[in-house]
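Peer 1: First the structure, then my questions, so here it is.
Just so it is clear, none of the values below were taken in a lab; they were calculated from the coordinates. Keep in mind the model is a prediction, meaning the values are calculated, not measured. A quick note on method: Cβ atoms are made from the backbone with ideal geometry, for glycine too, and the neighbour counts reach across all protein chains shown.
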Amino acid sequence: MILASLPSGSHVFVDANIFVYSFAADPNFGTPCSEFFDRIQAKDLSASISSALLSDVAHRLMTLEACDVMGWPYAGIGRRLRRDVTVIQRLRKYRQALDDISKVVTVVEVTGADVLRAGDLGSVHGLLSGDGLILAVMERLRISILASHDADFDRIPTITRYSPL
């Protein structure tokens, strides 16, 4: 299933990669992810994201913006930013993206119980811990629709994944 085919009125849990593709204008997935975000802003869809995933979005957009601003390669970006914190102080686009997201998307806190449940779900379905956490939060919220580029979620019979393309 693709994002464009999501029925109006759907409530969707959103993986970090969707917002990163949108705000970083990914050449392959940026347009469909931006159109998906436009639908959320227009209230055609409602969406939730966990606070952990929003932090992942922040980190990735910050590092991508720093690479763009400084002309640096992505490899070793964390080390470079720790050495020159003045670069971080100049970054603005990633922070604006967080504001834009949090204005229209419900940000859900992650609980300790979610983390424990994620370990169980990861073991059962063969998921990495972060993906297990997505599934645990979705389960707690009773959301069955996921917007994600990660095909690992296709193994989960209780959810329907919508990808950019």
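Peer 1: With viscosity set to 0.692 mPa s and temperature to 37 °C, compute the Stokes-Einstein D of segment 1-90, Rh being the Kirkwood radius across alpha carbon pairs; µm²/s, no decimals. Walk me through the numbers before you get to the answer.
Peer 2: Working: Rh = 14.4 Å.
It diffuses with D of about 228 µm²/s by this estimate.
Peer 1: In the neighborhood of Asp15, defined by Cβ-to-Cβ distances under 11 Å, what is the net charge if each Lys or Arg adds +1 and each Asp or Glu adds -1?
Peer 2: On the way: positive: Arg161; negative: Asp56, Asp131, Asp150, Asp152.
Local net charge: -3.
Peer 1: Taking only Cα atoms and a 10 Å spring cutoff, compute GNM fluctuations for the chain and point out the largest among Tyr21, Tyr94, Tyr74.
Peer 2: Maximum fluctuation in the GNM of the chain, among the listed residues, is at Tyr74.
Peer 1: Please build a GNM for the chain, connecting alpha carbons under 10 Å apart, and tell me which residue among Gly122, Gly71, Gly30 fluctuates the most.
Peer 2: Gly71
Peer 1: Summing +1 for each Lys or Arg and -1 for each Asp or Glu, what net charge is found among the other residues whose Cβ lies under 13 Å from the Cβ of Tyr74?
Peer 2: Working: positive: Arg60, Arg79, Arg80; negative: Glu65, Asp68.
Charge balance in the 13 Å sphere: +1.
Peer 1: Right, next: Given the options Arg140, Arg92, Arg82, which has the most mean-square fluctuation in a GNM of the chain, springs set between C-alpha atoms less than 10 angstrom apart?
Peer 2: Among Arg140, Arg92, Arg82, the largest mean-square fluctuation in the Gaussian network model of the chain belongs to Arg82.
Peer 1: What would the Debye equation give as log₁₀ I(q)/I(0) for segment 3-162 at q = 0.09 Å⁻¹, counting only Cα atoms as equal point scatterers?
Peer 2: -0.31
Peer 1: What is the distance in Å between the Cα centroid of segment 1-54 and that of segment 86-165?
Peer 2: When both Cα centres are located, 12 Å separates them.
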